[in-house]
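Accompanying notes for the structure given below.
The values are calculated or read from the model by the stated rules, or taken from the named source; none is laboratory data. Values in this document were obtained by computation on a predicted structure and should not be read as measured data. In case anyone asks, the SASA skips ligands and DNA or RNA and just uses the protein heavy atoms, side chains included. Shrake-Rupley method; radii C 1.70, N 1.55, O 1.52, S 1.80 Å.
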Amino acid sequence: MIKVLIVEDDPMVREINEKFLEKIGGFRLHDSVNSIEKAKEAILREEPDLILLDVFFPQEGGLDLLKWVRMKNFQSDVILITADKNMDTVKEALRYGAVDYLIKPFVFERFKEAMLQFKQRMNSFEKNDCAEQEIIDKYTLNEKKKNVVKVDESTGGKGFNQYTYEKVLNCIHGMDGEAFTSQEIADKIGVSRITARRYLDYLEREQKIIMELEYGKIGRPQNKYRLKKD
């Protein structure tokens, strides 16, 4: 189990992070604290594998803790979860080894993506004694994005974007060829049914999925979609 320390002074956000973490397998809450000082105590007591860290605190900032962790040569990795959109903060966090940077407010799917990517990387490193270039490239060049087809945002219309397009497409690939509705996609990725339907219509025009009509005993037929076989 991956030991996680949550460092967040807002009790509501801290509780959300704790509940999000509970939903993802393979992680254990090491501690959840509301100050940098308590975070240092928790790290000294038992070194966590991962720290979920806010930036803004009344006294010392989150970046100060990140630098302290590096100065003390702890092996803990750090993911920043913060409302700080300042690009200088982002650059400094990455410079000191933060493995991801989530901007509040964020959806569960983005949190889950960050955690699973970390777990996959950690497991991959533990299984391999030799650092093959292919393994390193997977986590430094973000190789999983290589074959993603770029969405034409002008064709999709206002509010149409690459990130949501990829979330919808990844969700569909996870259906293992089963038929699905726009509402099912909406529920899985955390968007409205109307938004999901727009992206599904776009994917149908791209001929990546096919739409089928499912007739019930009563009422109107229901639109169902399925990944198109190559």
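Give a residue-ordered list of calculated ³J(HN,Hα) values for the range 9-16 (Karplus: 6.51 cos²θ - 1.76 cosθ + 1.60, θ = phi - 60°; whole Hz; x for Gly, Pro).
8, 7, x, 5, 5, 4, 5, 4
Could you tell me the accessible area of Tyr165 in Å² (1.4 Å probe, neighbours in place), rounded to the nearest ten?
0
Is the C-alpha gyration tensor of the range 1-71 telling us rounded, prolate or oblate? Criteria: a/c under 1.5 is rounded; beyond that, a/b larger than b/c is prolate, otherwise oblate.
It comes out oblate by the Cα gyration axes.
Solvent-accessible area of Lys167, probe 1.4 Å, all protein chains present, reported in Å² to the nearest ten, please.
40
³J(HN,Hα) across the range 186-203 via Karplus (A = 6.51, B = -1.76, C = 1.60, θ = phi - 60°), whole Hz, x for Gly/Pro?
In residue order, the calculated couplings are 4, 5, 6, 9, x, 10, 6, 4, 5, 5, 4, 5, 4, 6, 5, 4, 5, 5 Hz.
Amide H neighbours of Ile51 under 5 Å, at least 5 residues apart or on other chains, H built in the peptide plane: list them.
Here Leu5, Asp77, Val78, Ile79 satisfy the definition.
Once the Cα gyration tensor of the range 178-230 is found, what semi-axes does its equivalent ellipsoid get, as square roots of 5 times the eigenvalues, in whole Å, sorted largest first?
Numbers: eigenvalues 63, 48, 18 Å².
Each semi-axis is √(5λ); the values are 18, 16, 9 Å.
Answer rounded, prolate or oblate for the range 1-134, using the Cα gyration tensor with square roots of eigenvalues a ≥ b ≥ c: rounded when a/c is under 1.5, else prolate when a/b is larger than b/c, else oblate.
rounded
Considering only Cα-Cα distances, which of the following residue pairs are longer than 22 Å: Lys40/Lys104; Lys167/Lys208; Lys67/Lys91?
Lys40/Lys104
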